[in-house]
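The values are calculated or read from the model by the stated rules, or taken from the named source; none is laboratory data. Remember, it's a predicted structure, so these values are computed and weren't measured experimentally. All Cβ positions, glycine included, derive from the backbone under ideal geometry; neighbour counts span all protein chains shown. The accessibility values were calculated without ligands, DNA or RNA, using every heavy atom of the protein model including side chains. Shrake-Rupley method; radii C 1.70, N 1.55, O 1.52, S 1.80 Å.
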Amino acid sequence: REVQSGEWNRMSTLLSALEKRSVPATVLFARPHGAYYVAGKGMVPYNIRDRAYFQKALSGEAALGELVVSRSTGLKSVVAAVPVKKGRRIVGVLAAAIHLEELSRILKEELALPPNMVFFALNGDGLTALSWKADQIFTYPAQQGSETLKEAVAVMLADKEGMVEYDLSGKRRVIFKTSPFTGWRFGLGYREIRPIQ
């Protein structure tokens, strides 16, 4: 009810509490014209009316998986957004911009993978969304100069699941599967560690 009211002063405490309990994210509420409030900050001097996730939510659908650099934080993020309805009228959009570098760091710690293991997620365009190496987020692996990696990315984007091998600072073998929620290809594999010469 607080969010459906469309009144920031009624929902701000609730959204700030949600932000503190969730994965690292910026929680926001946007008005139909695109101006928005951020939990813990209030109204910010930006507008998201041109964002695809906002337009999708404003049309009445949930949006999940758009990769953006947040206008209010400057952080690389993936957005989950839903329309907020009061009766049949959409009064705004509720969204969480999940911080990808911090999420990757948490996953790396939680998975406690050995040094030769790798994990990553690619969106449908082949852009890195998550990675065991946070500096790889928002890069295109197919453009890193390895022909075998370029071929592996093409296979991952063409198939829903499978296994690929490529060479990039050592031979790597990765099993991948497509998320039914985001369409991202999640990969987990290992790399050969070359001895120091």
Under a crude label model (7 Å from the Cα following the beta-carbon direction), how far is GLN55 from LEU168 in nanometres? 3.1
With a 1.4 Å probe and all protein chains left in place, how much accessible area per residue does segment 125-197 have, in Å²? 61
Within straight cross-link reach of LYS85, meaning Cα distance under 25 Å, which lysines are found once same-chain residues fewer than 8 apart are removed? LYS20, LYS41, LYS56
Using DSSP to call loops (not H, G, I, E or B), can you name the trypsin sites (Lys or Arg not before Pro) in segment 89-197 whose Cβ has at most 14 other Cβ atoms within 10 angstrom? LYS133, LYS160
Point-charge dipole on Cβ atoms (K/R +1, D/E -1) for segment 120-197, about Cα centre, debye to 20: 220
With 0.36 nm assigned to each residue of separation and the Cα-Cα distance removed, ASP135 to VAL69 gains 22.3 nm
What lysines sit close enough to LYS177 to cross-link, taking a C-alpha to C-alpha distance under 16 Å and skipping anything fewer than 8 places away on the same chain? LYS160
Using 7 Å Cα-to-Cβ label points, what is the THR13/GLU109 separation (nm, one decimal)? 3.0
Can you find, among SER77, GLY187, VAL91, the residue farthest towards the positive end of the dipole of the chain? Put +1 on the C-beta of Lys and Arg, -1 on that of Asp and Glu. VAL91
Charge dipole (the chain, unit charges on Cβ, about Cα centre) - positive-most of ASN9, GLY60, TRP132: ASN9
Add -39500 (n - 2.57) for each DSSP H run of 4 or more in the chain, then divide by its residues: what number comes out at 222 nm, to the nearest 500 deg cm²/dmol? -7000 deg cm²/dmol
Counting Lys and Arg as +1 and Asp and Glu as -1, each charge on the Cβ, what is the dipole of the chain about the Cα centre in debye, to the nearest 20? 740
